[in-house]
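Remarks on the structure that follows.
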Amino acid sequence: MLLLALDTATPAVTVALHDGTAVLASSSQVDARRHGELLLPAVDRVLTEAGLTLDAVTGIVVGIGPGPYTGLRVGLMTADTFGLALGVPVYGLCTLDGLAYAADIEKGPFVVATDARRKEVYWAMYADSRTRVTDPAVDRPADITERVAGLPAVGAGALLYPDTFPSAHEPEHVSAAALASLAAEKLAAGEELPAPRPLYLRRPDAQVPKNYKVVTPK
């Protein structure tokens with residue numbers, strides 16, 4: 001097994017290689033505006049560090065969000081392209097699950113929350129680092145204060161809103177190393193992973209104006 005994992009659902013552009021036993025190499029850079037520019041060089045960097053070539057990869061793991069439309073689709077399209085070019089399976093994993101897996105919380109419940117912009121967070125609740133107990137959702141922090149009261153929280157969304165998440169701590173962003181390790185663990189146990197399809201949870205910011213007037217030549 002050689003898994004290439006990547007995620008662009010948060011401001012972190014993160015890539016890792018996992019051989020089924022351990023992470024061989026990883027790279028993470030935080031830049032919310034340069035996912036497309038940074039992702040492929042990061043893939044090349046981790047392959048070089050591990051002394052491997054792309055054709056050695058046996059599977060692709062990609063974070064499916066939730067996340068903003070523009071950033072999220074960079075990782076998903078890249079994963080699909082690699083899968084088609086190499087003829088290998090592409091597996092999806094919820095980005096929040098990767099954060100939960102990396103969190104230093106031995107026992108839940110706890111919350112993972114990422115920044116959804118518009119003064120909202122993407123979030124979910126976990127029984128432990130491997131078990132999500134609610135579907136991913138997008139809400140204003142003030143609207144979920146009672147539901148998450150008293151629970152530890154991780155992620156950039158939790159760190160942004162201390163009134164709702166007073167026990168927030170790192171990791172701030174997801175790491176592909178955590179996604180790869182979680183995927184390898186699940187695959188070894190015979191678990192089925194989600195399809196590599198995006199969890200947007202809301203419509204993209206860019207939309208065609210409602211009163212758009214089409215002008216065609218006569």
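Cβ-Cβ under 8 Å, sequence separation 6+ or interchain: first residue in the range 28-39 and open to solvent by 90 Å² or more (accessible area, probe 1.4 Å), partner outside any helix (DSSP H, G or I). Which pairs?
Val30/Pro11; Val30/Ala12; Val30/Val13; Val30/His173; Arg34/Val13
Give me the pairs, please: first residue somewhere in the range 154-177 and free of Cβ contacts under 8 Å to residues at least 12 places away in the same chain and within 13 Å of Val121 (Cα to Cα), second residue anywhere and of a type in the set (A, V, I, L, M) and surrounded by 20 or more Cβ atoms within 10 Å (Cβ to Cβ), beta-carbon distance under 9 Å, and either six or more positions apart or on two chains.
So the pair list comes out as Pro162/Ala168.
Just one of (1) closer than 26 Å to Asp115 by Cβ; (2) crowded, with 19+ Cβ neighbours inside 10 Å trips up Met77, so point out which.
For Met77, the exception is condition (2).
Going through Ala79, Ala56, Ala116, Ala85 one at a time, which residue ends up being within 22 Å of Glu172 (Cβ to Cβ) and small (Gly, Ala, Ser)? Outline the logic, then answer.
Details: Ala79 fails: within 22 Å of Glu172 (Cβ to Cβ); Ala56 fails: within 22 Å of Glu172 (Cβ to Cβ); Ala85 fails: within 22 Å of Glu172 (Cβ to Cβ).
Of the residues listed, the single one that is within 22 Å of Glu172 (Cβ to Cβ) and small (Gly, Ala, Ser) is Ala116.
The values are calculated or read from the model by the stated rules, or taken from the named source; none is laboratory data. Being a predicted model, the structure only gives us computed values, none of them experimental. Reconstructed Cβ throughout: ideal geometry from the backbone, glycine too, with neighbour counts over all protein chains shown. For accessibility, only protein heavy atoms count, side chains too; no ligands or nucleic acids. Shrake-Rupley method; radii C 1.70, N 1.55, O 1.52, S 1.80 Å.
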